[in-house]
Each structure stands twice: as structure tokens, then as C-alpha cells.
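To start, the structure itself, in C-alpha cells.
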Amino acid sequence: MYKINSDKAETFISNEEIIATIEFAQKNKNNKAFIKDILNKANEKKGLNHREAAILLLCEEKEIIEKIFTLAKEIKQEFYGNRIVLFAPLYLSNYCINGCTYCPYHLINKHIPRKKMTQEEIRNEVIALQDMGHKRLAIESGEDPVNNPIEYILESIETIYSVKHKNGAIRRVNVNIAATTVENYKKLHNAKIGTYILFQETYNKKTYEELHPFGPKHNYQYHTEALDRAMQGGIDDVGMGVLFGLDNYLYEFIGLLMHKEHLESVYNIGPHTISLPRIRKADDIEVSNFKNSIDDDTFKKITALIRISVPYTGLIISTRENEKMREKLLELGVSQISGGSKTSVGGYYKQEKEDSSQFEVNDNRTLDEVVNWLMKLNYLPSFCTACYGNNRTGEKFMSLCKEKQIHNFCHPNAIMTLKEYLTDYASNESKLTGEKLIQSEISKIKNETIKQSVLTNISKISNDERNFKF
């Protein structure tokens with residue numbers, strides 16, 4: 001039975017409801033009158049439910065697909081403008097006791113080099129990331145209560161925040177670690193993390209248990225209910241995602257939206273971010289072993305429909321995707337991307353002798369190359385973390401975003417953080433492109449008081465002052 005407000009995973013992510021939704025979508029995918037009504041609702045830019053979105057995902061009419069893409073672009077612009085937030089992953093440890101068959105960190109893999117960074121090594125990594133220009137990190141770690149206990153994660157977060165090199169500082173640490181207890185989520189909240197991120201991998205319980213044959217992650221219920229526990233532990237910004245390619249994409253798409261609907265219904269806060277990774281080749285992992293890979297056209301449609309269904313959430317695309325695909329997905333609603341990423345433990349400070357990457361990166365450009373590319377596409381690269389500094393999180397952030405008011409803060413903050421980047425880290429080419437972009441973006445600020453403050457702060461940044469925010 002499907003109950004959106006239930007505290008039980010198999011009830012708020014009901015297999016029966018997903019199957020019924022798939023059948024409903026198949027039945028109505030060519031129902032022009034029904035599709036017209038759904039598109040009219042989508043045009044209100046307040047989102048779609050999982051059944052409505054599933055119908056549009058299955059609809060194959062070119063005219064409808066073009067309308068979906070156009071609307072996704074409009075929603076992205078109205079809610080987030082041309083800003084693109086930049087971040088980098090930081091892998092702390094690849095020790096893991098799980099048996100995930102799609103991840104090279106699984107316990108049975110005996111030839112991948114295992115590593116857990118010391119706090120001094122973490123400092124070196126953070127300095128390297130700061131020297132690139134990063135201000136926002138997502139820390140990653142395998143699940144291992146002996147090697148990677150919560151105390152190690154908390155100490156690492158404290159280390160990351162403590163490092164100040166030249167003008168660098170990590171102002172926001174997002175955390176992507178295994179499902180844990182309410183008490184541990186309280187500890188993470190007290191450590192002043194940004195977003196807690198946990199990918200479901202797959203919402204199909206049967207597939208989930210087959211892909212996680214042993215280890216703590218085998219427990220579907222405990223894993224799927226983790227974001228609830230995070231909320232109960234005081235973390236009001238959570239991120240979700242599935243690994244497309246593990247199961248049928250329509251099943252995953254519906255499950256993802258049902259999970260979003262559950263959080264909104266129970267906590268009045270939906271996901272702060274939704275990530276859209278596709279399975280990629282890695283050490284001892286062959287993509288050909290997974291029969292549910294999705295093509296580029298389907299992936300673009302999924303991205304656009306998630307943007308339409310959840311207008312307020314940040315959509316994330318990592319370096320799993322290549323430059324060409326990332327460019328297209330930016331148009332269709334993506335608002336956050338990683339840049340200059342390493343998916344190995346200790347990959348930023350110095351070149352590894354042995355590869356410990358979690359997955360194969362398909363965009364190997366430096367952060368500066370990514371920033372320059374974004375600016376030439378007329379996007380505004382943002383290193384802003386001001387909302388966390390000003391307690392605009394959870395419901396406060398989402399209410400502003402839903403009312404399309406977040407521009408008033410995020411746009412000027414993005415301009416000022418870009419100025420910091422250009423002053424401290426950018427290549428000469430990026431500086432030239434960026435200074436022109438900044439002048440153009442300042443001219444778009446309608447509030448004269450804010451505009452004058454930005455101009456004043458831009459001048460102060462040139463004189464070595466930092467971290468201005470609205």
C-alpha cells in the first residue's frame with residue numbers, strides 16, 4: 001500500500017504504486033488531451049507529481065519533447081538564472097565493507113589500492129583545492145566503522161574548515177557518506193555541514209538487494225529511510241539521486257519523484273539537490289554488465305523533466321559526463337557542476353602512483369578551463385556559500401526559491417565570488433572574459449542599493465578583502 005506520509009520505506013516508495021504508475025503512463029502516453037492538461041499545469045512552474053511526469057517521459061512526440069525542453073530552460077532561468085555553482089569532490093577513504101557490485105570500492109576487490117588519508121594529507125588536499133579556487137567541497141568515504149568511523153569524518157570536516165591558505169577557504173562542506181543514525185546526523189549538523197547527500201542507487205528493492213549482496217548497505221529499508229533520519233537529526237538540506245543504469249530508468253525516475261514527494265509531505269522541505277549520475281567504467285567494473293544503460297536523448301529528457309517536476313531544487317551533473325553532454329544538460333536545467341575533479345583518495349595534491357578512482361572521469365578539464373568555458377557560454381560561475389552563512393537553509397531557502405526571490409541574494413553573491421576567483425586564481429584569458437561578464441551582470445541588478453554595494457565590494461576585493469555576502 002502506498003502512503004506518502006509513512007515512515008516505512010516500502011510504503012512511501014511503494015513498488016505497487018510504481019508499477020501502477022508505469023502502466024498508467026503507458027496507457028496515457030499518447031492521450032493528447034491529458035498531455036495538454038499536464039503541460040498546462042507544468043507551465044504554472046509549481047512542479048508535477050510522479051504520475052504526470054512519467055506520462056511526459058514516455059511520450060515520444062517530437063513536438064511535446066520540444067515543449068518539455070523549452071519549459072525546462074524557462075524554469076531554470078526563472079528560478080536560478082544563468083548562475084552555475086561549482087564544487088569538487090574530496091575522497092577521504094576508500095576502505096569499505098559493502099559488496100556493491102557497481103563500485104570498485106567493494107570489499108571483494110583485492111587489487112585496488114586502499115587508502116585512508118591522515119589529517120595532514122587532508123590539509124594538503126584542501127590547500128591544493130583552494131589553490132585551484134574551490135570554496136565548496138563534497139566529501140566522500142567508503143563505509144567502514146573501523147577505518148572510517150563518524151569520529152574520523154567529524155575530525156576531517158574540522159580540518160577542512162580550519163585550512164586557510166593565502167586567500168583560500170572552504171566555506172561549505174557537503175557530506176556524502178553511508179546511511180547512519182539520527183545521533184550521528186546530529187553530530188554532522190553540529191559540525192556545520194552544508195548538504196547531506198545520499199544516493200539511493202536504485203529504488204527497486206529486489207534489484208537493490210541483488211546489487212548489495214552483503215554489508216550494512218544491503219538493508220534497503222535502513223538506507224532508503226536515511227534522509228528522514230537526517231532531517232530528524234537537524235539537517236534540513238539533503239540531496240538525493242539514483243545511479244541510472246542499474247535498473248529500468250522509468251522505475252528509477254518515478255521512485256526518485258516519490259521520494260521527493262515524501263520529504264515534502266512530511267517535512268515541508270524537498271531535496272536541496274538532486275544528482276543525476278550514470279554508471280561508468282571503473283576498476284573491475286564493466287558497464288556492459290549492466291543492461292539498463294540509458295542513451296543520451298533519454299538522459300536529456302529525464303533531466304528536463306526533473307527540472308520541470310522539482311523547479312526549486314539544485315540539479316547536479318558531475319564529471320561522469322563529457323563536455324558536450326554537460327553543455328546540453330546545463331541548458332535543460334542543471335545548476336551545479338563539479339570542475340577539476342579527482343575521484344580517487346589523495347588525487348589533488350600529487351599525482352597518484354596507483355589508480356584508486358571510484359569511476360572514470362569523462363571531463364578532465366581544469367577548474368579554470370571549466371570556468372572559462374561557462375563564461376563563454378554566458379553562464380555566471382558561482383562559488384557562493386552565503387546561504388549557509390546567513391542561515392538561509394531548508395524551508396527558508398526553498399520558500400525564497402519557490403517565490404523566485406533567491407535571485408536577490410544569489411546573483412550578487414555569484415558576481416562577488418567570481419571576482420574573488422578572477423583576482424586570486426584565474427588565467428589571464430579567464431580574467432579578461434570574466435571582467436566583461438561581471439560588468440554585464442552588474443548592469444542586470446535592478447535594486448540600486450544592492451548594485452552600489454556590489455560595486456563597492458568588487459573594489460574591496462581588488463584590494464584584498466574577501467567573503468562579502470548578501
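The figures follow:
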read-out	value
Dipole of the chain, positive direction: furthest Cα of F34, L256, M398, with charges on the beta-carbon	M398
Calculated FRET value between K206 and Q232, using beta carbons and R₀ = 22 Å, to 0.05	0.20
Calculated FRET efficiency for the pair A20/E158, C-beta based, R₀ 45 Å, to 0.05	0.40
Segment L455-F199, extension gain: residue separation times 0.36 nm, minus the distance between their alpha carbons	88.1 nm
Relative contact order (percent, whole number), the range 384-470, Cα cutoff 8 Å, 6+ residue spacing	36
Relative compactness, the chain, computed as alpha-carbon Rg over 2.2 N^0.38 Å	0.94
In range of the label at K45: residues from the range 310-338 whose backbone nitrogen is under 17 Å from the point 7 Å along Cα→Cβ	310-315, 331-335
At R0 = 45 Å, FRET efficiency that the Cβ-Cβ distance of D464 and K186 yields, to 0.05	0.70
Unpaired by the 4.7 Å Cβ criterion, cysteines found in the chain	C59, C96, C384, C387, C401, C410
Shape of the range 186-295, Cα gyration tensor, a/c cut at 1.5	prolate
Per-residue [θ]222 nm for the chain (sum of -39500 (n - 2.57) over DSSP H runs n ≥ 4, rounded to 500)	-14500 deg cm²/dmol
Eligible lysines near K419 by straight Cα distance, threshold 21 Å, same-chain separation 8 or greater	K135, K164, K166, K376, K431, K436, K444, K446, K451, K460, K469
Whether the range 1-157 is rounded, prolate or oblate, judged on the alpha carbon gyration tensor where a/c under 1.5 counts as rounded	prolate
Added length on full extension, which subtracts the Cα-Cα distance from 0.36 nm per residue, L107 to K73	8.0 nm
Spread of Cα-to-Cα distances over 5 Å intervals beginning at zero, given as percent, for the range 94-240	2, 9, 18, 20, 19, 16, 10, 4, 1, 0, 0
Antiparallel %, DSSP beta bridges [both residues in the chain], to 5	5
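Since every read-out is calculated from the coordinates, none of them should be taken as a lab result. All of these numbers come straight from a predicted model, not from anything done at the bench. FYI the Cβ positions are ideal-geometry reconstructions off the backbone, even for glycines, and counts take in every protein chain you see.
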